[in-house]
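First comes the structure, then the notes that go with it.
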Amino acid sequence: MSATPCSPLAGKHIVLGICGGIAAYKSVFLLRLLIKAGAEVQVVITPAGKQFITPVTLSALSQKPVVSEFFTANTGEWHSHVDLGLWADCMVIAPATASTIGKMAHGVADNMLVTTYLSAKSHVFVAPAMDLDMMAHPSTQANLDLLRSYGNTIIEPETGYLASGLTGKGRMEEPENIVKVLEQHFARTRSLEGKKVLITAGPTYEKIDPVRFIGNYSSGKMGYALAEECAARGAEVTLVSGPVAITTEAPGVKVVKVESAREMLAECEKVFAGSDISIMCAAVADYAPAAVAESKIKREHSDVPVIELVKNPDIAATLGTAKRQGQILAGFALETDNEADNAAEKLDRKNLDLIVMNSLRDKGAGFGTDTNKVTIIDRTGAYPYPLKSKREVASDIIDNIETRL
């Protein structure tokens, strides 16, 4: 079978997970299309999945033994889910049953497919397939939301005639369309090759004394997701991070740790001139104490201390004045009222190319969450997006920025 010319899937390592549902027959066609596109595919099937499609058929198409159990019974050969997780460039589970979706969402590692999923280092795509009432059940929807929040992509099922004889949402997406989703994913993986990206993330801490500070609730999750998304697309990323509890091991991301707004500005100014794209995602404190006490301020003092504040530098505005032709500068605006007007004002005042606006009034948006709901605003208009995981939001933002390159 000749490979599809120039397919983004050519040479990619793909783990195809198959669960026990009638839609498993479609997995044969999906496997065939992946192989035709030039991918190397390892099938991992649940025990129930083997009741619907035989490993012999799948092995003949993939040219690899199908993995189902943790070890081969007659030889004792161990099948390493860790090795598979490291080997894969992506994992696609099609069909994904309600049972497996629930296990994935809650880490119930009782079969080879779920343990491989939990070991996967690459992106995971989930194509649900089940009857309409199972699909619509609150538990299924909650589990899918959990998977989205972990950064997985849910390939939504179609509405149509189901095996039960009913008509509704639950048909696994057609194999051809699943392949298109995977091709689009890999087509953009090196789209920022050669680009240098500056990103700020997290809060800043402005010292009051050696043990106290002025800060905010930013977790840094959005900025770190942006950094990892840019690195996955081939960019060289400098991530200037305030104090956060998260880390990243993404290749191509250099993390520079800072504490205060002035430290963050100083690090940004070191690399801004050489950056193609700069994204100011950090929640920088607007004010800092005018003086920092050398020792802890004791509450036993008779008088309540008065802390004089001074304005911190506006990092985005400072960089905006130095922006050269061809550079892209993006900012963030977390608002509580008059959101669109406030964000648009910042866009002009700071000389930004676009600003990502979100509101604390939107459930699931803002500090500390794994999700976000944003509107991207530029000089042509405002473009709202629905609530998504921060990884998906990062992808949307970078897609928007890429249109400007």
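The values are calculated or read from the model by the stated rules, or taken from the named source; none is laboratory data. This structure is a prediction, so every number in the text was calculated from the model and none was measured. A quick note on method: Cβ atoms are made from the backbone with ideal geometry, for glycine too, and the neighbour counts reach across all protein chains shown. In case anyone asks, the SASA skips ligands and DNA or RNA and just uses the protein heavy atoms, side chains included. Shrake-Rupley method; radii C 1.70, N 1.55, O 1.52, S 1.80 Å.
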Near pairs, Cβ below 9 angstrom, 6+ apart or cross-chain, from region 310-333 (charged (D, E, K, R)) to any residue that is open to solvent by 60 Å² or more (accessible area, probe 1.4 Å)
Lys311/Asp286; Lys311/Tyr287; Asp314/Asp286; Asp314/Arg349; Lys323/Asn351; Arg324/Ala273
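Tell me which residues, restricted to region 152-206, are within 30 Å of Glu259 (Cβ to Cβ) and hydroxyl-bearing (Ser, Thr, Tyr).
Of region 152-206, the ones within 30 Å of Glu259 (Cβ to Cβ) are 192, 195-206.
Correct list: Thr200, Thr204, Tyr205.
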Filter region 286-310 for residues that are surrounded by 10 or more Cβ atoms within 10 Å (Cβ to Cβ) and over 11 Å from Asp209 (Cα atoms) and give the result.
Asp286, Tyr287, Ala288, Pro305, Leu309, Val310
Of all residues in region 142-170, which are in contact (Cβ under 8 Å) with a residue 40 or more places away in the chain, open to solvent by 20 Å² or more (accessible area, probe 1.4 Å) and over 18 Å from the mean Cα position of the chain (by Cα)?
Ala163
Looking only at helices (runs of 4 or more DSSP H) that lie completely in region 81-121, which have at least 1 residues being buried (at least 20 other Cβ atoms within 10 Å of the Cβ), touching a Lys or Arg at 6+ places or on another chain (Cβ under 8 Å) and modelled with pLDDT of 90 or more?
112-119
Look at region 229-271 and say how many of its residues are surrounded by 21 or more Cβ atoms within 10 Å (Cβ to Cβ), of a type outside the set (A, V, I, L, M), touching a strand residue (DSSP E or B) at 6+ places or on another chain (Cβ under 9 Å) and part of a helix (DSSP H, G or I).
2
Every pair of residues 6+ apart whose Cβ atoms lie under 8 Å, when the first sits in region 191-214 and is under 17 Å from Gly242 (Cα atoms) and open to solvent by 10 Å² or more (accessible area, probe 1.4 Å) while the second is basic (Lys, Arg) and not in a loop (DSSP other than H, G, I, E, B)
Phe213/Lys207
Which one of these does Ser59 not meet: (1) open to solvent by 70 Å² or more (accessible area, probe 1.4 Å); (2) of a type outside the set (Asp, Glu); (3) part of a helix (DSSP H, G or I)?
(1)
